[in-house]
1. What full-extension length gain, to one decimal in nm, is calculated for residue 73 and residue 297 as 0.36 nm per residue of separation minus the Cα-Cα distance?
2. Restricting to DSSP H runs of at least four residues, report the calculated mean residue ellipticity at 222 nm for the chain, -39500 (n - 2.57) per run over all residues, nearest 500 deg cm²/dmol.
3. Run the numbers for residue 195 and residue 61: contour at 0.36 nm per residue of separation, minus the present Cα-Cα distance, in nm.
4. If the elastic network links every pair of Cα atoms under 10 Å, which of 281, 114, 189 fluctuates the most in the Gaussian network model of the chain?
5. Using only Cα atoms and rounding to the nearest 10 degrees, what angle (0 to 90) does helix 87-97 make with the longest principal axis of the chain?
6. Testing the spin-label approximation: label points 7 Å from Cα along Cα→Cβ at residue 327 and residue 52. State their distance in nm.
7. Which of 82, 99, 152 ends up with the largest GNM mean-square fluctuation for the chain, with Cα atoms connected below 10 Å?
8. If you fit an axis through the alpha-carbon atoms of helix 23-32 and take the longest principal axis of the Cα set of the chain, what angle between them do you get, 0 to 90°, nearest 10?
């Protein structure tokens with residue numbers, strides 16, 4: 001296969017999280033370029049759906065290594081895109097490192113590759129006036145800010161990934177707040193707007209949880225998928241640099257501006273009130289920071305195309321609305 005005049009090696013990938021918001025477009029991007037994708041799924045129904053997408057389903061569970069470690073002998077790279085909060089990802093990494101595939105690589109086979117999909121929340125919250133952080137900015141105890149509580153475990157896990165380079169080749173990507181299509185994270189913010197629309201209370205005040213002055217680090221799901229696809233195709237080179245960590249962000253916009261624009265698209269004319277987040281997930285969702293992606297552009301040849309949620313809000317908000325029960329509720333009324 002030739003891409004931009006360069007011969008690209010066909011790669012065999014084992015993907016965790018293939019039905020997820022990042023994993024599914026990533027799997028599609030890999031298949032469009034002719035790569036082979038094995039996908040771990042927990043149900044036969046999902047296995048059938050992934051088969052329709054030209055993926056090879058592995059019926060099993062990330063927490064049950066016996067169901068997927070035999071496949072390691074058939075792949076070049078493992079991608080952990082599981083929606084985990086600690087334990088699952090650690091188990092995946094530990095079982096890869098103790099596998100016969102890794103043991104055999106020490107003798108005669110090339111090293112197995114491992115890509116971990118992390119996130120920018122590891123940098124912590126920088127408040128109303130965030131400073132620019134790079135993918136070389138320290139995170140965790142040595143970083144300028146503590147990571148938000150929901151992902152407080154991630155810096156340590158990222159270190160364990162990097163410390164595994166003696167037995168596997170590794171790479172880490174840190175996407176920002178992912179939006180677009182049917183699974184936008186912003187749907188969490190917009191749920192009260194949809195409820196107001198369903199109840200025909202469009203002129204009444206609507207309360208949303210979140211900090212309006214928070215600077216959102218944005219990346220469209222397809223741009224994130226393209227970056228990781230490029231990482232797969234350039235893996236033999238980029239995994240060998242001193243710090244194989246890459247931020248994925250296409251732009252930055254204030255949460256309050258995003259939500260007010262979404263309300264306008266939905267015809268909500270009532271006052272938009274923002275309530276301070278209190279639970280760990282809502283606090284993480286309001287993480288405010290500016291992220292530099294110079295190294296991602298340089299090493300991954302990544303050039304995101306969807307650089308603003310607000311500018312194309314009509315498309316993104318309506319896409320989200322169609323994934324809710326709004327239209328079925330309206331039609332039954």
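1. Result for the pair: 77.4 nm of gain on full extension.
2. On the way: 13 runs with 114 residues, N = 333.
For the chain, the value works out to -9500 deg cm²/dmol.
3. Net length gain for the segment: 44.7 nm.
4. Checking each option, the largest mean-square fluctuation is seen for 281.
5. Roughly 20 degrees, rounded to the nearest 10.
6. 1.7
7. Top of the fluctuation ranking is 99.
8. Here the helix axis deviates by roughly 60 degrees.
Only the coordinates and a few stated rules stand behind these numbers; no lab work does. All values derive from a computational prediction rather than experimental measurement. Don't worry about glycine lacking a Cβ; one is built from the backbone with ideal geometry, like all the others, and counts go over all protein chains shown.
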